[in-house]
Amino acid sequence: MKKIIILGGGGFIGGHLAKKLKDSGFFVRIADIKKHEYLTQDEICHEFIQCDLADPVAVENVIFEDCFELYQLAADMGGAGYIFTGLNDANVMSNSALINLNVAREAVKKKVQKVFYSSSACIYPEHNQLDPSNPNCEESSAYPANPDSEYGWEKLFSERLYLAYNRNFNLNVRVARFHNIFGPYGTWNGGKEKAPAAMLRKAAETIEGNTFEVWGDGQQTRSFLYIDDCLEAIERFMKSDFIGPINIGSEKMVTINELAEMAIDISKKDISIHNIDGQEFIDKYGFKCPLGVRGRRSDNSLFRSTIGWEVNQPLIDGMRKTYAWINEQVKHAAR
Ligand code: NAD
């Protein structure tokens, strides 16, 4: 049995990935600071180690010698409410940078055969994402760097860290930049949820005839990739010889209001949207509306030409599946 380590396997993407690899016959060890909230240990791994990966001793214990593939997904992250308020910047940067410094060094020591690192679309420069109808997220546009959040700066640093370990110590790395991955079994409430989960939760919670809030004017654009497509892209990337960085995302761009309307349509309720911004937002929440860049979508030209794969699931299909799960969570929480 080939052995796999998934750091951050107690989280959304890591949990799905662990389940897929375990089901495919790999031995899977997960390390995370917390257990998966929705999937049992049995469903996703053979071993679970609960630890803080910012601690080098923990990382030393977690990474074993004969590791076939290691997936580094652990990061201090969340949606706009967590990343863009500025309130969590020091923790976001130090927690994630420490994890990556520990992991890169230990992976070389233990001769891990291949390391996957999950970077983010948040590394792209703000000045290329001011036009909501035509943002540029081509991989080569990352420099000169100007991410709009400290989360993005840390990801950029860690991309460079893994690539430097590749050049200097022959660490076999694959660096991917995820663009808004969504699906069931992810954070759907509490402030760390991303836009699709937030819209679907609001649609599930809102009573017929009422309104729900959408942050900003709703004209900011994004693209969203369903988790099954993300897992497929990871597998193909890992099997390729290309080390990256490479985008993993969808090219289909929607405005946030369109995403909210999609969630409302799926819920089949008569709900209207209230866009909250400016002083109204500050009066209500005590800080400036955290929106991120004006427009963003994945550019898949490099993935297409180097790996040869296209996204399968239309956004609406992924949103329907995710709504079914979130609606159950909302009902369960209300009981
Ligand atoms: P997630 O928050 O669900 O998973 C991250 C996991 O890391 C969590 O389970 C968390 O407990 C764990 N973690 C954080 N700090 C830790 C520590 N000090 N020690 C041990 N574990 C720790 O996030 P996700 O959506 O599954 O994202 C996985 C990776 O992909 C992250 O690195 C994230 O930055 C990156 N990414 C995700 C998206 C997305 O849309 N989901 C987009 C871009 C990049």
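For this structure, a couple of remarks:
- Extension gain from Asp283 to Glu213, taking 0.36 nm per residue of separation minus the Cα-Cα distance: 23.8 nm
- Per residue, the chain reaches -12500 deg cm²/dmol at 222 nm when only DSSP H runs of four or more residues are counted, each adding -39500 (n - 2.57).
- Scattering profile of region 257-335 at q = 0.15, 0.16, 0.27 Å⁻¹ [log10 I(q)/I(0), Debye over alpha-carbon scatterers]: -0.89, -0.96, -1.17
- Pairwise centroid distance, computed over Cα atoms, of region 261-292 with region 193-207, Å: 10 Å
- Which of Met1, Met93, Met199 has the fewest Cβ neighbours within 10 Å, and the rest in rising order: Met1, Met93, Met199
- For region 71-183, alpha-carbon Rg and Dmax in angstrom: 14.5, 46
- Quotient of C-alpha Rg and 2.2 N^0.38 Å, computed over the chain: 0.97
- Relative to one another, the C-alpha centroids of region 66-114 and region 135-178 are positioned 13 Å apart.
- Across the cross-link table entries Lys202/Lys268; Lys194/Lys269; Lys3/Lys239; Lys114/Lys239, which are compared at the Cα atoms, the separations over 18 Å belong to Lys194/Lys269.
- Other residues within the sphere of radius under 11 Å centred on the Cβ of Val175, judged by their own Cβ, net out at +2 (K and R +1, D and E -1).
- In summary, region 172-313 shows an alpha-carbon radius of gyration equal to 1.19 times the 2.2 N^0.38 Å reference for compact globular proteins.
- Cβ-Cβ FRET estimate between Asn134 and Val57, R0 fixed at 45 Å, reported to 0.05: 0.40
- The residues neighbouring Trp188, those whose beta-carbon lies less than 11 Å from its own, together hold a net charge of 0 under the Lys/Arg +1, Asp/Glu -1 convention.
- Fewest neighbouring Cβ atoms within 10 Å first, the residues Ser94, Ser298, Ser267 line up as Ser94, Ser267, Ser298.
Every number here is computed from the coordinates shown, using simple stated rules; none is lab data. Note that this is a predicted model, so its numbers are computed, not measured. FYI the Cβ positions are ideal-geometry reconstructions off the backbone, even for glycines, and counts take in every protein chain you see.
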